[in-house]
Amino acid sequence: MATLFLIRHAVTAQTGRLLYGQTPGIGLDDRGRAQAAGLVERFSSVRLTAIYSSPLERCVETVEPLAAAQRLPIREVRDLVEMDAGSWTGKTLAQVRRTKPWKTVQQQPSAFRFPGGEGFFEAQARAVAAVEAIARRHPRGRVAIATHGDIVRIVLAHLLGTPLDDFQRIVADTASVSVVVTHATYRGVVLVNDTGGLDRFAAYPAHPWEASSDGGRRRPAELRG
């Protein structure tokens, strides 16, 4: 079973202000660098097998301290990149919120495509495929994957069986970690939007569903006799 740690990139000077999409050259600010450094301690009890990242600087920089601490290379995967915002790239969020299509983005994203860019269904399909390929490559591994807020959320929506139109209900803060497990017959979301320690994952990839809160052992409903 693979244990995947989905990490949203840390803060940049434009986070929450600008729709920068796939724009290259945007790195972390001082706050973001502090968040990235903090990942080292948060993962101190977790021995990672591999680290993957979107090729954009803000994601790579987020996991650079972690990669150095765990002596692992960062493997860039194109399909982990942020959505292509097309002609909306570079616009402020205040600008796009005043447009008529913004209501569709918020209420029915499955029907939306960025003008000259990418649709949410397309982005979900390529991101899920990328994450599943990584899981197959490391069937017993613990793998960190640095990507973008919407990418984290649409992947989690897929794994949770949540309709794409409801993915906005999932929260992924900057430098947050969400944990999923994959098995040949099982997909599970163990943790969402965590910004604290990850000590509980020191023993993974033991089956997470086998440990109950009272210290007993249990199995998911579909595997019980």
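The values are calculated or read from the model by the stated rules, or taken from the named source; none is laboratory data. This is a predicted model, so every value here is computed, not measured. Every residue, glycine as well, gets a Cβ built from its backbone with ideal geometry; the counts of neighbours run over all protein chains shown. The accessibility values were calculated without ligands, DNA or RNA, using every heavy atom of the protein model including side chains. Shrake-Rupley method; radii C 1.70, N 1.55, O 1.52, S 1.80 Å.
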Output for Cβ contacts, cut-off 8 Å, separation at least six or different chains, first residue more than 17 Å from PHE5 (Cβ to Cβ) and touching a residue at least 12 places away in the same chain (Cβ under 8 Å) in segment 153-164, second open to solvent by 10 Å² or more (accessible area, probe 1.4 Å) and outside any helix (DSSP H, G or I), reads ALA157/PRO163; ALA157/ILE170
Could you say whether any residue in segment 104-119 is open to solvent by 40 Å² or more (accessible area, probe 1.4 Å), outside any helix (DSSP H, G or I) and of a type in the set (Ser, Thr, Tyr)? no
Return yes when VAL60 is more than 23 Å from GLY116 (Cα to Cα), surrounded by fewer than 16 Cβ atoms within 10 Å (Cβ to Cβ) and among the aliphatic types (A, V, I, L, M) and no when it is not. no
Practice item. Assess whether ALA135 counts as being buried (at least 16 other Cβ atoms within 10 Å of the Cβ), assigned to a helix (DSSP H, G or I) and over 13 Å from the mean Cα position of the chain (by Cα). Key: yes
For segment 49-59, the count of residues that are more than 17 Å from ALA127 (Cα to Cα), under 16 Å from the mean Cα position of the chain (by Cα) and touching a residue at least 40 places away in the same chain (Cβ under 8 Å) equals 2
Among residues of segment 167-208 being surrounded by fewer than 15 Cβ atoms within 10 Å (Cβ to Cβ) and among the aliphatic types (A, V, I, L, M), the residue modelled with the highest pLDDT is VAL171
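Among the listed residues ASP84, ASP30, ASP79, which satisfies the condition of being within 25 Å of ASP194 (Cβ to Cβ) and under 20 Å from the mean Cα position of the chain (by Cα)?
ASP79
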Check: What about ALA125, is it closer than 25 Å to ILE7 by Cβ, open to solvent by 50 Å² or more (accessible area, probe 1.4 Å), out of contact with any Gly (no Cβ under 6 Å at 6 or more places or on another chain) and part of a helix (DSSP H, G or I)?
Finding: yes
Report task. Report whether or not GLU82 is at pLDDT 95 or above and open to solvent by 40 Å² or more (accessible area, probe 1.4 Å). Result -> no
